[in-house]
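All remarks here apply to the structure that follows.
The values are calculated or read from the model by the stated rules, or taken from the named source; none is laboratory data. All figures in this text were calculated on a predicted structure; none of them were measured in a lab. Positions of Cβ are generated from backbone atoms using ideal geometry, with glycine treated the same way; all protein chains shown enter the neighbour counts. For accessibility, only protein heavy atoms count, side chains too; no ligands or nucleic acids. Shrake-Rupley method; radii C 1.70, N 1.55, O 1.52, S 1.80 Å.
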Amino acid sequence: WTVLCFILRDAGWNHVDFLSPEAVKKFMECTHEVYYRHFSEYFGNVIDSVFYDEPQFYGTEKDGPDGRMWTESFNERFEEKYKESPAVYYPALFYDIGEDTAFARNALLSLRADLYAEGFPGTVQKWCTERNVSLTGHVDQEEVENPCGMTGDLMKSFRYQDIPGVDEICFEGRAGQAYKIVSSAAVNFDKRLVMCECFGAMGNLTEEGMYRESYDLFTKGINLLVPHAVWYDADKSKIIFPPELSYRDEYYGKFLPEFNDYCARVSQALQTGGQVNSVAVLYPIESLQFMYTMNWEGNKYLGGPTDEKNNYMRLGQYLSRELNTDFTFLHPEVLQTSAKAEGGILSLRSDTHFQNYKVVILPGMKAVSLKTMEKLKEFVKSGGTLVAFSELPRRAVEKGKDAELLNLCEELFGIGQIGMGVHAKRHEGGGTCYTMPYAKREALQDILRAAELDTAALSHVAGLQYIHKRADRDVWYFASIQEDADTKVLLQGIREAEALNPKTGQKEKVTGKLTEKGLEIELKLKAGESLLLTAL
């Protein structure tokens, strides 16, 4: 026998317990409520929102919980959800306990992510709603591949928050792989706005760099830009972390008026309606939770352990930047509860967005819910296309379901593990399952072209990105980030369109070829240019 004792103790970290609504309410009484008492007449008009910055679990090098943040009510909440005590599962947070390891880690860590979402942003959101203001803000280190030691589950962090948010700071492209995760949280949880705290501490950021970063943000679903605060040394009258994006600065002051007009035009176009997507990438949080242990030896600032086959972020970048294909990261819990498979399409129920997936992509995963794979089986049997990269999951997050999961994966894909080449298995009803190593990802180009997506570039251009929104009419925003774009683009179901230059505000009718599938246009953009298209 090995006897273990798990003790909840104070880590010496002077932060609120993010997992406890009661603690957060006391925090709100000391902070936000004081502001409200002084300025209540301005809430809901002058003051339209509340912003928070970088809550996390890991602490600092000198003190903090090192990703082990816990709370007193945890055992009680676990027993409410799973009808048993978590005590026998705690060892799984430190080492492999056998066949129940995947279940134990997912049960414990998923609940902790729920407690964070309810405890901190959820509690603050309730306070904001009662005072007629919105809540936005972002967690720390969105770009890490395994967020379990940060705030648990990056997507789930925004479940109860009006406006999901992300940070863009220090250098260009730092969080580029995470933008789609945060904007996908808005799609999964039915939010309309997505915020970015942008251009922070980026030194001598150029005008071209600001436009280039805005292209990446806008095309990946961000539609509300909040310029980063500027830190001053009042004694020395200098800026500690430039840039200062204001009229006072000799460089930025010259082009900011035009840049602000451009941002306003694009934001206004993209804040209306919902996002349209035909491709989904499963968010592999269950596999990430399975990989996580609280005694992992890496830098706690990096969230949690990962490996080469954990490629969901790289896959997202490849789809956006190389294959000119927009997509949504689909949370497994949302897939299980809100998706319906019919006629080769996996539709996501939403009051805001238009999500009808013809292709679902599985990144490399070690563990997944059997319920998730059963839903994807329905999708394939109805005629859908399922693509798996690098590693098929071998561990189910439900107790005692590993064998069922292995059998289901072999039934779907026709193989037990992914080899060196591309493998396809066709099913009755027209559905097809593909497997391939990441090194063969170019094969995805033909798979997507055959799926006839809602928007499709007929020849691919590196760095050409877009987003498709729909309200009373369809709107597209295209941006060429890396090189000149000269390609034909098919807009499914559209007959006429109007183009707007977001920098100048000039409009012109789009000429194109009307086909039985929609409008085929010639899209020509120089590197560093963008275009808004509106269906007429």
Q: Select from segment 41-133 those chymotrypsin sites (Phe, Trp or Tyr not before Pro) which occupy a DSSP coil region and have at most 14 other Cβ atoms within 10 Å, ordered by residue number.
A: 94, 95
Q. Given the pairs 238/526; 81/191; 366/425, which span a C-alpha to C-alpha distance of over 29 angstrom in this model?
A. 238/526
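For the chain, with every protein chain kept in place, what is the accessible area per residue (1.4 Å probe, Å²)?
For the chain, the solvent-accessible area averages 44 Å² per residue.
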(Q) Which of the three applies to segment 360-447, rounded, prolate or oblate, going by the alpha-carbon gyration tensor with a ≥ b ≥ c and a/c under 1.5 meaning rounded? (A) oblate
Q) Under a point-charge model restricted to the Cβ atoms of Lys and Arg (+1) and Asp and Glu (-1), what is the dipole moment magnitude of the chain relative to its Cα centre, in debye to the nearest 20? A) 1180
Q: Just check segment 257-307 against the gyration tensor rule for me: Cα atoms, a ≥ b ≥ c as the square roots of the eigenvalues, rounded for a/c under 1.5, and otherwise prolate or oblate depending on whether a/b exceeds b/c.
A: oblate
Q | Sparse-neighbour loop sites [trypsin sites (Lys or Arg not before Pro); segment 175-243; at most 13 other C-beta within 10 Å; DSSP] | A | 236
**Q.** Relative packing of peptides 501-511, 299-309 - highest average C-beta neighbours within 10 Å first
**A.** 299-309, 501-511
Q. DSSP loop trypsin sites (Lys or Arg not before Pro) in segment 26-111 with at most 14 other Cβ atoms within 10 Å of their Cβ, which ones?
A. 62, 83
Q) If you add up the charges near residue 291, with Lys and Arg at +1 and Asp and Glu at -1, over every other residue whose beta carbon is less than 14 angstrom from its beta carbon, what do you get? A) -3
Q. If you add up the charges near residue 475, with Lys and Arg at +1 and Asp and Glu at -1, over every other residue whose beta carbon is less than 12 angstrom from its beta carbon, what do you get?
A. +1
(Q) A 28 angstrom limit on the alpha carbon distance is what I want to check against. Which of 340/401; 340/509; 371/488; 309/375; 469/524; 440/517 exceed it? (A) 340/509; 371/488; 440/517
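Cα gyration tensor of segment 205-299, axes a ≥ b ≥ c as square roots of the eigenvalues: rounded (a/c below 1.5), prolate (a/b > b/c) or oblate?
Here segment 205-299 falls in the oblate category.
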